[in-house]
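Asker: Below is the structure I would like to discuss, written out as structure tokens.
The values are calculated or read from the model by the stated rules, or taken from the named source; none is laboratory data. What you see is a predicted model, and the numbers here were worked out from it, not measured in a lab. Don't worry about glycine lacking a Cβ; one is built from the backbone with ideal geometry, like all the others, and counts go over all protein chains shown. Just the protein is used for accessible areas: all its heavy atoms, side chains included, with ligands, DNA and RNA removed. Shrake-Rupley method; radii C 1.70, N 1.55, O 1.52, S 1.80 Å.
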Amino acid sequence: MDKHTQAGATLNQWDRLRVEKNLEKKTATIVLDRPEKMNTLSFIARSQLNQIFQQLNEDDEVRIIILKGEGNQAFSSGGTIAQFMERHPEELSVLHKNVAAPERSSKPVIAQLQGYTFGVGLEIAMSCDFRIASDTTLLALPEVKLGMIPGSGGTQRIARIAGLGRAKDMIMRGRRIPAAEAYQWGLLTTVVPQENLDQAVADLVDELLEYSPLALRVLKQVLNASQEGPLSAGLEIEGYAYGMLRSTHDFREGVDAFNEKRKPNFIGE
């Protein structure tokens, strides 16, 4: 099998989404593949994105998932606006569940951003663990200009990361936030020149591959779960996970490697 393969024959059925696996780097890249429309996402694609993540979560060959847009003009300029008028209100009210698929994934998810990152495109990126952006990136939730509000997690995640005041300034005005400002707000993990974007993502992948996949999986669960309750609950969750990892192979291997001054061989157990 070639190291660059599609993750299953069913992927040919996705609606302008493409999945590429790199077995050498243990990554799967989900590509929003509609460059002629700035990688806008249909309603069908949103639900299929959830299905793709479910498949990749069960794929032992994949340790890290990357999400990117085709071309260099946009990660995604948002949803297909005309389709909003064709959908039942109840269907619209649960869109956030599909968009949260990267957050629910047990594996680290990296959003590779450039150009327009608007609407549902930004909401998907905000549910990823890391957002590596080029200096061409513009972030926006412009729904207010259509007499609407963001409906797939945008109001909640922007406010929790950047603060309520900045969220209101951005979303209630439909402002476009350039990469440098978004980085200052904490919305982006890092910003690099456009020509360095691929390498920045590759460097992060290499770094994450050095760590225990089990520890990363548990750490993601602890961090996400602790956002839903008070500090006392978060401390309990952290303490339980810390104690559980004490009995794992990877922790013993990490300690031995540290004492022996060598690189650890983590196996995810």
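Asker: Would you be able to tell me the number of residues in segment 31-61 that are assigned to a helix (DSSP H, G or I), without any contact (Cβ under 8 Å) to a residue 60 or more places away in the chain and crowded, with 19+ Cβ neighbours inside 10 Å?
Answerer: Going through segment 31-61 one residue at a time, the tally reaches 6.
Asker: Out of (1) farther than 20 Å from Val19 by Cα; (2) modelled with pLDDT of 95 or more; (3) among the aromatic types (Phe, Trp, Tyr), what's the single condition that is false for Phe130?
Answerer: For Phe130, the exception is condition (1).
Asker: For segment 251-267: of the residues being in contact with a Leu (Cβ under 9 Å, 6 or more places away or on another chain) and modelled with pLDDT under 85, which is nearest to Leu223 (Cα to Cα)?
Answerer: Here the residue is Phe251.
Asker: Can you spot a residue in segment 136-143 that is touching an Asp or Glu at 6+ places or on another chain (Cβ under 6 Å), open to solvent by less than 50 Å² (accessible area, probe 1.4 Å) and within 22 Å of Leu17 (Cα to Cα)?
Answerer: So far as segment 136-143 goes, no, none of its residues is touching an Asp or Glu at 6+ places or on another chain (Cβ under 6 Å), open to solvent by less than 50 Å² (accessible area, probe 1.4 Å) and within 22 Å of Leu17 (Cα to Cα).
Asker: Would you confirm, using the coordinates I've provided, whether Ser93 is modelled with pLDDT under 95 and on the phi < 0 side of the Ramachandran plot?
Answerer: yes
Asker: So which of Leu216, Leu235, Leu231, Leu245 ends up being within 22 Å of Glu58 (Cβ to Cβ) and not hydroxyl-bearing (Ser, Thr, Tyr)?
Answerer: Leu216
Asker: Name the one entry in Gly71, Gly79, Gly115, Gly8 that is modelled with pLDDT under 90 and over 20 Å from Gly153 (Cβ atoms).
Answerer: Criteria check complete, one pass: Gly8.
Asker: OK, next. Given the residues Ser226, Ser247, Ser232, which is the only one that is touching a residue at least 12 places away in the same chain (Cβ under 8 Å) and not aromatic (Phe, Trp, Tyr)?
Answerer: After applying the criteria, what remains is Ser226.
Asker: While we're looking at this one, here's another question. Restricting to segment 120-171, and then to whatever is part of a loop (DSSP other than H, G, I, E, B) and out of contact with any helix residue (DSSP H, G or I) (no Cβ under 7 Å at 6 or more places or on another chain), can you tell me which residue is farthest from Met38 (Cα to Cα)?
Answerer: Out of the qualifying residues, it is Gly163.
Asker: Here's another thing I want to ask about it. Suppose the filter is under 17 Å from the mean Cα position of the chain (by Cα), buried (at least 20 other Cβ atoms within 10 Å of the Cβ) and of a type in the set (A, V, I, L, M, F, W, C); does Ala167 pass it?
Answerer: No, not satisfied.
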